Number of protein chains: 4
Amino acid sequence: MIKVGVVGGTGYTGVELLRLIAGHPQAELSLITSRSEEGKAVADMYPNLRGAVDIRFSLPDNDGLGDCDLVFFATPNAVAMHQVPDLLKQGVRIVDLSADFRLRDNKEWSRWYGAVHACPEILEQAVYGLPEVNRAAIKEARIVANPGCYPTAVQLGFLPLLKQNLVNTSSLIADAKSGVSGAGRGASIGSLLCEASESFKAYAVSGHRHLPEIKQGLVQAASMDVELTFVPHLTPMIRGIHATLYADLTVGQVDLQSLYEEAYATEPFVDILPQGSHPETRSVKGSNYCRIAVHQPQEGNRVVVLSVIDNLVKGAAGQAVQNMNIMFGLPESMGLEAIALMP
Amino acid sequence: MIKVGVVGGTGYTGVELLRLIAGHPQAELSLITSRSEEGKAVADMYPNLRGAVDIRFSLPDNDGLGDCDLVFFATPNAVAMHQVPDLLKQGVRIVDLSADFRLRDNKEWSRWYGAVHACPEILEQAVYGLPEVNRAAIKEARIVANPGCYPTAVQLGFLPLLKQNLVNTSSLIADAKSGVSGAGRGASIGSLLCEASESFKAYAVSGHRHLPEIKQGLVQAASMDVELTFVPHLTPMIRGIHATLYADLTVGQVDLQSLYEEAYATEPFVDILPQGSHPETRSVKGSNYCRIAVHQPQEGNRVVVLSVIDNLVKGAAGQAVQNMNIMFGLPESMGLEAIALMP
Amino acid sequence: MIKVGVVGGTGYTGVELLRLIAGHPQAELSLITSRSEEGKAVADMYPNLRGAVDIRFSLPDNDGLGDCDLVFFATPNAVAMHQVPDLLKQGVRIVDLSADFRLRDNKEWSRWYGAVHACPEILEQAVYGLPEVNRAAIKEARIVANPGCYPTAVQLGFLPLLKQNLVNTSSLIADAKSGVSGAGRGASIGSLLCEASESFKAYAVSGHRHLPEIKQGLVQAASMDVELTFVPHLTPMIRGIHATLYADLTVGQVDLQSLYEEAYATEPFVDILPQGSHPETRSVKGSNYCRIAVHQPQEGNRVVVLSVIDNLVKGAAGQAVQNMNIMFGLPESMGLEAIALMP
Amino acid sequence: MIKVGVVGGTGYTGVELLRLIAGHPQAELSLITSRSEEGKAVADMYPNLRGAVDIRFSLPDNDGLGDCDLVFFATPNAVAMHQVPDLLKQGVRIVDLSADFRLRDNKEWSRWYGAVHACPEILEQAVYGLPEVNRAAIKEARIVANPGCYPTAVQLGFLPLLKQNLVNTSSLIADAKSGVSGAGRGASIGSLLCEASESFKAYAVSGHRHLPEIKQGLVQAASMDVELTFVPHLTPMIRGIHATLYADLTVGQVDLQSLYEEAYATEPFVDILPQGSHPETRSVKGSNYCRIAVHQPQEGNRVVVLSVIDNLVKGAAGQAVQNMNIMFGLPESMGLEAIALMP
């Protein structure tokens, strides 16, 4: 059994992580910390966990984290970086679900996150936890930077095209739509049911924090610079991301369907749909799958990729558990076999 | 492994049953029949099952049903009763999720379902599959009549009061609210998103088919006649039933909280919440729990019980699997441990 | 033109009031105050008002309120009572949409609202602004206490029965369901889309502030004491209240349909639906109607009344404008003719 | 008063048209036809119209249409074209909300709509009813082809760029998201609440019928050929379209904000939001506005336009009334002043 600690488990990513850990046959939730909820039973906050999780929130400075085999950080950005160095020294392995270790360039990080990075020296050893790209490195990693939700959906959708140099890298557009849980459990007016339901809007068109993270991954795949327009939207539902990706083909003829099927043939959690399909976000609700369809409308030179994930699972907690499985030599799908809830 | 057949698995109850069977360690989906979808891969209809269910729909008259250990009927009402006698003769055990075998009185059944019952002689051996009431009989049953969704939530909420004769049995009111999946997957205008979302309404106030089923159970628990006003409502969400139950106490002082906690102390799927709680339907979304809270507002003589279930799980497919587990001597929670999806 | 001021127009009741005033041919929005939003253009906060409302929020202590013919208070409870005495002295007429002047008994008010009333001497002259009950008094009132949303739906549903002494007054139950806008625009976790959508729950079963307000009205109509169990619920939609009302008839035969039709025959905003109907909340979305249907299930002695309103219109801002029309001798429907938005 | 007839008013476009006509001071609903609902009171079908519309559906071959000044067709595609020639001969003016007269090229029409056009000779005199483009011609038109919902949002968003030749016309992408009411009131499984809520998907990526209509308008504005990738999506809400438009600028420096503000300076129903804005579809819910914001992310050469409408108002019935106003010399905003319902 892996002894697991969770720091900051009161948000949506946190409760999803608890749900997955509680159902994982080889992980044991050892402690969960929250400064604001110390002493409260986790199941009092999240009644769905009644009967499944019976521990209480403890203070974040609890020594217990050092006794864990693995600590997940489900904290706001710029928190984990203050605790990680110490825990690494104690031999604890880390999966950070926040953005602290996702960008390799700490100046770029500072520019987008508005803070000085507390441990830039650790960025180098942090492995970007997209298993479909970095599986081998994740296996050995002391610290894994769990990807953002948009970056997961967008990268998995674009990668086969970029790796094969099939598209004009200055033509990339990611028009992404997210359910409201992506905004977290903070009590902000914009996330109220009366504000966010029965409406649809774009946000952060001038620049979203996930842009540099996505670009970093695309540049690596393409082995050249890329230009990307990334427009996130808020869609009136709880879970799910749908990324609609556009790129201009630079080659005349290419069997896109085969390209995608082959690229992900051995991946346990990437499912390429049959030609002509339109994946629905609900087909992955509560599951760790990314479902993808690829189109070439009217046989033109523009390719359209549709990529869906559950932002809280493959886009956060599920991917974190997938990374844990890889890090500890477990079957990669362990604890992640749940079928999407439909309807 | 239990060889399982499913008749009529194209509706919401059906797909939920498939989801649960696919994740059940001791059940194996042997065949699924549908007249209209014959030959179609199940996962083409329900993409959430891709990778988990790889069989195709076959014709209902397929001999294969006779080879099953257990057949679930997830058919419209008045279908199962035509196939059940034959299957019983072949030694197949049955869990019928439709209403065909729920009422003991076939004249009452005819009155509410508008048809002559095809096999009234079998009604006697059919066991009403509410495990909290009939566990022993279910264990031995050849055919289990799986309860309706409203009847499950309402009966579990009222039973402790009635068994102890604590309330005026002519004062019972069940004000029940259901998500739209309760109306099934039929293409009816009333279930369109544009008709049923952003709105709330009562329906069938003059008399709903679940009324006689609920009364039958309450009469049995009370060992006397009861009068019940049952008003179902449609609430703009997919899953969940919330029953708000009212009854007039006939005794002066009673510790309702203890009464309920004791009544369900050993039940794996009935969870009595702490005093003063208000269960949310989402706390059971995708899970087999019934969560109940009991109130006595302003210390008056009226008791208010709040009872929530997921109509597709404890109100249908989950309870069916629970019945299967009991029938085949398996741990009652097997395959039903999934934690509710929240948010 | 009536010179209108609005105090505290940043919540949902406020923006709805602005929408109605902007479209009212005889009312002119003179000023709107908000301490927190001073200087901000109203239409920057509520883009739906772009092109229709071009003023800015000003400070609440602005002298301008004294120059108004009518001031609406759309403030949280316990605010209006501090400003009202002064404004009355200046000859300004008041419609208070908060609860400060709804209860005639200031001790009862203190018990439920947790504060000492600042001007109990004014309670006597405050008229409870339910036009269907108090039209004549409203006409002459200096200050109108605009009813709460639940109290409007519940009273309009119960009144015909109580006025005619047709029911057992200790048998009353109001099972009420509200959209989330009833909780206001405050940034509370419980009102987040991810908390309140796809779920249904009761709340405040032990006692809700609208209980004494409703009882006060029912007692007056019945001319005797009444016992009422009032259970409010949160339903996953923005607007609408559905009250399901239960009472035991004390008379053998009564034509309930005619009773209701006659009771409201001349009312511009109460619409009795044909026998057997089930009103939907969406049929009044954005409109000032209350739609009611009355049932006597299975010819028993229990009557079930279904009453729906838009909580922000007939349950708040629309009723406030209706009161204004009465106070100023205008046609009662002026500015309130808009048809409900459907779908 | 304009004597108005409506053919086929049972769908969502129809009921919205009735709502607008009922509130229009210079239009009088003379008759409404429906083959399937003949004899039924309109308000029995749409209770929101109770008290506002008191006529019944009559048969479509009713002579009364010939007595109207204006007939609106709110029929499925390929219906109006069979009745229009006769009505024109009788001197009736027509606004067709279906697609029958939108494409100038009848072969293109046949290709997308799968039928032979019944009156190609009339296509020439049909005026495409986008007032912002064709106001003068609409004024004189005998028959107006009311634009589709997507085409309205997309054209209004792209036109300023194309008219000034500021973008590469082969770079155009329209990523559009529609509420479910766009799919109509037909009882199709895909539009059920349980299928379409809590999910998001693209559809018809290979080619949607609105593509040729949009292209026709863009080509005309650009005075040259254009290439457009159009991807429609279904978003879980009732009303609203959000079009996110992408194009590559061919000029170095351009003040996009001024360009858009000037282009629509005198338009009553196009509202350019301040720089940096993100229009929400709810800001136009129930209103005839199109709200637009224009962005140039990271000062790159890609322009992003956000354009929102209510698909049933500016995208259908409201635009039809706007066209009627123009045709009959009325103030263009008459009957269309309603403020969007928010929240």
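Annotations for the structure displayed:
- Which numbered condition residue B:225 fails, given (1) of a type in the set (Asp, Glu); (2) farther than 16 Å from residue B:164 by Cα; (3) surrounded by fewer than 22 Cβ atoms within 10 Å (Cβ to Cβ): (2)
- Considering only residues in region D:35-55 that are facing another protein chain (nearest Cβ under 8 Å) and assigned to a helix (DSSP H, G or I), the one that is surrounded by the most Cβ atoms within 10 Å (Cβ to Cβ) turns out to be D:48.
- Count - residues of region A:200-232 that are within 7 Å of chain D (Cβ to nearest Cβ) and either within 30 Å of residue C:237 (Cα to Cα) or not in a loop (DSSP other than H, G, I, E, B) (or both): 7
- Conditions (1) surrounded by fewer than 18 Cβ atoms within 10 Å (Cβ to Cβ); (2) within 18 Å of residue B:78 (Cβ to Cβ): number failed by residue B:124: (2)
- Among the residues of region A:21-31, just one is part of a helix (DSSP H, G or I) and facing another protein chain (nearest Cβ under 9 Å), namely A:22.
- Restricting B:191, B:181 to those that are touching a Pro at 6+ places or on another chain (Cβ under 7 Å) and within 22 Å of residue A:236 (Cα to Cα) reduces the list to B:181.
- Residues being of a type in the set (Asp, Glu) and under 19 Å from residue A:98 (Cβ atoms) - total across region A:181-227: 1
- Number of positions in region C:72-102 that are assigned to a loop (DSSP other than H, G, I, E, B), buried (at least 18 other Cβ atoms within 10 Å of the Cβ) and touching a helix residue (DSSP H, G or I) at 6+ places or on another chain (Cβ under 9 Å): 9
- Selection within region A:78-97: residues that are within 19 Å of residue A:326 (Cα to Cα) and of a type outside the set (A, V, I, L, M, F, W, C). The member of this set that is farthest from the chain's Cα centre (by Cα) is A:91.
- Residues in region C:150-177 that are among the charged types (D, E, K, R) and within 16 Å of residue C:232 (Cβ to Cβ): C:175, C:177.
- Test: residue in region A:95-109 that is over 19 Å from residue A:148 (Cα atoms), of a type outside the set (D, E, K, R) and in the same structural domain as residue A:27 (by TED's automatic domain parsing): no
- From the list A:32, A:2, A:21, the lone residue that is surrounded by fewer than 22 Cβ atoms within 10 Å (Cβ to Cβ), in contact with a helix residue (DSSP H, G or I) (Cβ under 9 Å, 6 or more places away or on another chain) and of a type in the set (A, V, I, L, M) is A:2.
- Contact annotation: residue pairs with Cβ atoms under 9 Å, 6 or more positions apart or on different chains, pairing a residue in region C:22-43 that is touching a residue at least 60 places away in the same chain (Cβ under 8 Å) with a partner that is surrounded by fewer than 14 Cβ atoms within 10 Å (Cβ to Cβ) and in a loop (DSSP other than H, G, I, E, B), are C:25/C:1; C:26/C:1; C:27/C:1.
- Residues of region C:186-196 that turn out to be outside any helix (DSSP H, G or I) and at the interface with chain B (Cβ under 7 Å from one of its Cβ atoms), as a count: 0
- Check on residue B:145, closer than 20 Å to residue B:70 by Cβ, in contact with a Lys or Arg (Cβ under 6 Å, 6 or more places away or on another chain) and in contact (Cβ under 8 Å) with a residue 24 or more places away in the chain: yes
- Summed over region C:267-290, the residues that are more than 18 Å from residue C:316 (Cβ to Cβ) and out of contact with any helix residue (DSSP H, G or I) (no Cβ under 6 Å at 6 or more places or on another chain) give a count of 8.
- Test: residue in region B:242-259 that is within 30 Å of residue D:188 (Cβ to Cβ), surrounded by 24 or more Cβ atoms within 10 Å (Cβ to Cβ) and touching a residue at least 60 places away in the same chain (Cβ under 8 Å): yes
The values are calculated or read from the model by the stated rules, or taken from the named source; none is laboratory data. As the structure is a prediction and not an experimental result, all values here were calculated from the model. Virtual Cβ from ideal backbone geometry, glycine too; neighbours counted across all protein chains shown.
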